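Here is the structure we will look at, set down as structure tokens.
The values are calculated or read from the model by the stated rules, or taken from the named source; none is laboratory data. None of the values given here were measured: they were computed from a predicted structure. Quick reminder, even Gly has a Cβ in these numbers, built from the backbone with ideal geometry, and neighbours come from all protein chains shown.
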Amino acid sequence: MVELLPNDLVSLLELRAHEAPHRQAFRYLGATEGPSVWTYRGLRDAANVVAHTIERDGGRGERVLLLFPPGLEFIQAFLGTVSAGAIAVPAPPPNPHKPKQSLQRLAAIVASARPTRALTLGSTLKALQPAIAELPEFDAISWIATDELPAPPAGYQPRGVADRGDIALIQYTSGSTSDPKGAALSHENLMHNLRYFDVGWDHSPDSVTVNWLPAFHDLGLVYGILAPIWGGFASIQMSPIDVIQRPLVWLRAISDQRATHSCGPNFIYELCARKVSPAEVRGLDLRSWRMALTAAEPVRADTMRKFVEHFAPAGFNPRSFCPGYGLSEGTCKVTAVPWHEQPTVLSVRAEALERHEIEVAAPGPGALEVVGCGRPAFGVGVAVVDPDTREWRGPEEVGEIWVSGPSIARSYWEAPDATERELRATMAGRPDTPFLRTGDLGFLHDGELFITGRIKDMIIVRGANHYPQDIEYTVQDAHAAVRAGCVAAFAIEDDGEEQLVVVAEIDRGRNGDGPDASPSDVTKAVVRAVAEEHGLRVARVALVPAHTIPKTTSGKIQRRATRQALVEGRLQLLCDERRPSSQPAVAMRDHIRARVTDIVSEVGAIPFERLRPTESLHGLGVDSLAGVNIAYEIGLMTGRDVPAALLDERDTIEKLVDYVVALGGAR
């Protein structure tokens, strides 16, 4: 008897095949060797082919590696694996043209999960076999081509799931390389998160989704593939490569299929606004698109504004944008804005944010915009915690984001130390509630979660905290030749001091601001923009060709890997400008400090001896009029345009000295 409320993925698939056997479940747009359409009965039967093969001589709980190119075959293999009571291990598909190199990248995941089988396509397996024979790490794995399997005997029923607490898949976190961590997700985790998707996103049997995110990524798998099965609605699947190379095909699919739900990281919306021409926009109809989730990387308010303005002629509704936050260890969704609500954009003082404090400010110089990612619900709890003391941070303070609830993975696969440290953390005074430590920084405002960055990626220059993504966005917008979503900012120590380094991909097919644009022009624009926007001096700008900067399988910039490649000389450099130390010689810096102090003393009518380098000038009585005059004098000293509100975010002498240094010093 089919259960009305399924507790696991296998029962869910059986329910859909029973209730609506001929309803279209998935359709693939693009070139494929396999099927382009699956009904629910056809999908169930295809999954049973895989399940029967695994069950024949495999035990419950064995790990099965899934290595598939874009297409519907992954869905068959995943559902067949869990139907057999086995554990799916999705991983990036190997490149048939570089088989040995691709497989070596999987070696750490294989060592962690210890799979007994690997499922793929016959053509992929044929290309990989010579490399497999040379790599002892894969000796214990039985390789199976799912498109060459025989049908199971008539009346076959798969083994199914013994308990909803059984592990369904091991989701390796984005960027897992030498020390991978696999979140062991149970059927119970998955079913809770699938129900949570329905909160605020208005799914119905008539919904249509378009998914281009990789199937081995949590958002691509859990929302892009499993959520349509949960809701019983149609899903259009596409190749990530096709969409990234030509984002118009994604929007055209939404338009042609009258899709209601689709998602992507910030960078894809940026690419669409940049690459889709006005004439192409006029050929689209996006009025059906009710929920445009933007997640998987920091959400940028300016990107949403550009997308809304660019695609308004196609009928895109600004309220369709749903910023969200999630991660593999939380199955997928942690928070998200409901489809009918306007996203919250909060303007905060940049200087306060550097101190991990939140001060709401009017938009303009000295302010940064942060985007709200919704409120937790459906049993999910979010706390903002001091990562050192483990004490609860206030509602207007930045801290590490901790998450609790039924969607949180019970463990990292065979990693008990990491499990205790990161999945079972406890707050001071609350020893009975386990939390997931995300490593992400953020704050709560009116109950809504705002993300500001990651602890490990923070750039600290002369004691001030800077979020790399803010600098990367500034670089991205500094010159038209810089590729959207292809910038890495990080710090490198030089002479005992942290120096800011930027690596940016440039599109040599674009001339940017004019026919004479060159790598040197781009470098100058980057240095100027970072100095003016952040008061930082870029010590090194490395410009590289497209597709050079390392990214995770989900498209996130790998800053540490980029830094390592630059240090080791493994990047192809189109331009590499190394500027002298971000601090001039001590005597020169002392000279700048003396001149700035003279200006502040004279304009602010403050005795010289009362001025201290790190003391707030506002606290010494410098009002807004005096601040404008000080900014004017510093502009004369540097020979540069200086914002009148300079002291709003740089209200000490030392910060003004840093600003002058970042601009290149005094004349």
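Would you call Leu213 under 20 Å from Gly80 (Cβ atoms), buried (at least 19 other Cβ atoms within 10 Å of the Cβ) and either under 21 Å from the mean Cα position of the chain (by Cα) or charged (D, E, K, R) (or both)?
Numbers: under 20 Å from Gly80 (Cβ atoms): no; buried (at least 19 other Cβ atoms within 10 Å of the Cβ): yes; either under 21 Å from the mean Cα position of the chain (by Cα) or charged (D, E, K, R) (or both): yes.
In short, no.
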note = When every residue in segment 143-176 that is at pLDDT 95 or above and polar (S, T, N, Q) is compared, the one surrounded by the most Cβ atoms within 10 Å (Cβ to Cβ) is Gln171
inquiry  = Need the failing condition index for Asp440 against (1) more than 23 Å from Leu574 (Cα to Cα); (2) surrounded by 18 or more Cβ atoms within 10 Å (Cβ to Cβ); (3) not assigned by TED's automatic domain parsing to the domain that holds Glu354, just the number.
reply    = (3)
request  = Pull up segment 88-136, narrow it to residues that are under 17 Å from Glu62 (Cα atoms) and of a type in the set (D, E, K, R), then point me to the one that is surrounded by the most Cβ atoms within 10 Å (Cβ to Cβ).
outcome  = Arg117
Test set (1) touching a residue at least 40 places away in the same chain (Cβ under 8 Å); (2) part of a helix (DSSP H, G or I); (3) over 21 Å from Ile167 (Cα atoms) - Pro152 fails condition number = (2)
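Could you please find all residues in segment 399-414 being in a loop (DSSP other than H, G, I, E, B) and either touching a Lys or Arg at 6+ places or on another chain (Cβ under 6 Å) or modelled with pLDDT of 95 or more (or both)? Break it down into steps so the answer makes sense when it comes.
Applying the first criterion (in a loop (DSSP other than H, G, I, E, B)) to segment 399-414 yields 405-410, 413-414.
Listed by number, the residues that qualify are Gly405, Pro406, Ser407, Ile408, Ala409, Trp413.
Looking at segment 525-539, which of its residues are among the charged types (D, E, K, R) and assigned to a loop (DSSP other than H, G, I, E, B)? Working first, answer last.
Narrowing segment 525-539 to residues among the charged types (D, E, K, R): 528, 532-533, 537.
Arg537, the sole residue that qualifies.
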Selection within segment 531-541 - among the aliphatic types (A, V, I, L, M) and in contact (Cβ under 8 Å) with a residue 60 or more places away in the chain = Ala531, Leu536
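Going by the structure shown, is Ala47 closer than 15 Å to Val161 by Cβ, buried (at least 24 other Cβ atoms within 10 Å of the Cβ) and in contact with a Lys or Arg (Cβ under 8 Å, 6 or more places away or on another chain)? Step through it out loud before you land on a result.
Details: closer than 15 Å to Val161 by Cβ: yes; buried (at least 24 other Cβ atoms within 10 Å of the Cβ): yes; in contact with a Lys or Arg (Cβ under 8 Å, 6 or more places away or on another chain): no.
No.
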remark   = Only one of Ala77, Ala88 is outside any helix (DSSP H, G or I), touching a strand residue (DSSP E or B) at 6+ places or on another chain (Cβ under 6 Å) and of a type outside the set (S, T, N, Q), namely Ala88
task = Working carefully through the options Ala594, Ala631, find the one that is part of a helix (DSSP H, G or I), surrounded by 14 or more Cβ atoms within 10 Å (Cβ to Cβ) and hydrophobic (A, V, I, L, M, F, W, C).
result = Ala631
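In segment 439-450, how many residues are within 20 Å of Arg390 (Cβ to Cβ) and modelled with pLDDT of 95 or more?
Looking only at segment 439-450, we keep the residues that are within 20 Å of Arg390 (Cβ to Cβ), and these are 439-444, 449.
Checking which are modelled with pLDDT of 95 or more leaves us with 442-444, 449.
Residues flagged as within 20 Å of Arg390 (Cβ to Cβ) and modelled with pLDDT of 95 or more within segment 439-450 amount to 4.
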key: Ala666, sole failed condition from (1) in contact with a Lys or Arg (Cβ under 8 Å, 6 or more places away or on another chain); (2) outside any loop (DSSP other than H, G, I, E, B)   = (2)
query = Identify, please: which residue in segment 327-341 is at pLDDT below 95 and out of contact with any Phe, Trp or Tyr (no Cβ under 8 Å at 6 or more places or on another chain) and is, among those, surrounded by the most Cβ atoms within 10 Å (Cβ to Cβ)?
reply = Leu327
message = For segment 220-251, give me each residue that is surrounded by 21 or more Cβ atoms within 10 Å (Cβ to Cβ) and among the hydroxyl-bearing types (Ser, Thr, Tyr).
response = Tyr223, Ser235
ask   = Say we look at segment 249-278 and pick out the residues that are part of a helix (DSSP H, G or I), in contact with a Leu (Cβ under 8 Å, 6 or more places away or on another chain) and under 17 Å from Glu309 (Cβ atoms); which of these is modelled with the lowest pLDDT?
value = Lys275
request  = Evaluate segment 540-559: report whether one residue or more is closer than 19 Å to Arg640 by Cβ and either part of a loop (DSSP other than H, G, I, E, B) or modelled with pLDDT of 85 or more (or both).
outcome  = yes
inquiry  = Show the residue pairs meeting these rules: Cβ distance below 6 Å; 6+ apart or different chains; first residue within segment 415-436 and closer than 27 Å to Ala108 by Cα; second residue part of a strand (DSSP E or B) and among the basic types (Lys, Arg).
reply    = Glu422/Arg437; Ala425/Arg437
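Within segment 31-43, is there a residue that is more than 33 Å from the chain's Cα centre (by Cα), of a type in the set (Gly, Ala, Ser), modelled with pLDDT of 95 or more and not in a loop (DSSP other than H, G, I, E, B)? If you could, list the steps in order and put the result at the bottom.
In the first step, residues of segment 31-43 are kept if they are more than 33 Å from the chain's Cα centre (by Cα); the result is 41-42.
Still in the running and of a type in the set (Gly, Ala, Ser): 42.
Subsequent filtering for residues that are modelled with pLDDT of 95 or more retains 42.
Narrowing the set further to residues that are not in a loop (DSSP other than H, G, I, E, B) leaves 42.
Looking through segment 31-43, at least one residue is more than 33 Å from the chain's Cα centre (by Cα), of a type in the set (Gly, Ala, Ser), modelled with pLDDT of 95 or more and not in a loop (DSSP other than H, G, I, E, B).
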ask   = Are there any pairs with C-beta distances below 6 angstrom linking a residue in segment 339-354 that is closer than 22 Å to Thr652 by Cα to a residue that is in a helix (DSSP H, G or I), with the two at least 6 apart or on different chains, and if so which?
value = Ala350/Glu649; Glu351/Glu649
message = Go through (1) on the phi < 0 side of the Ramachandran plot; (2) in contact with a Lys or Arg (Cβ under 8 Å, 6 or more places away or on another chain); (3) in a loop (DSSP other than H, G, I, E, B) for Asp202 and report which single condition fails.
response = (1)
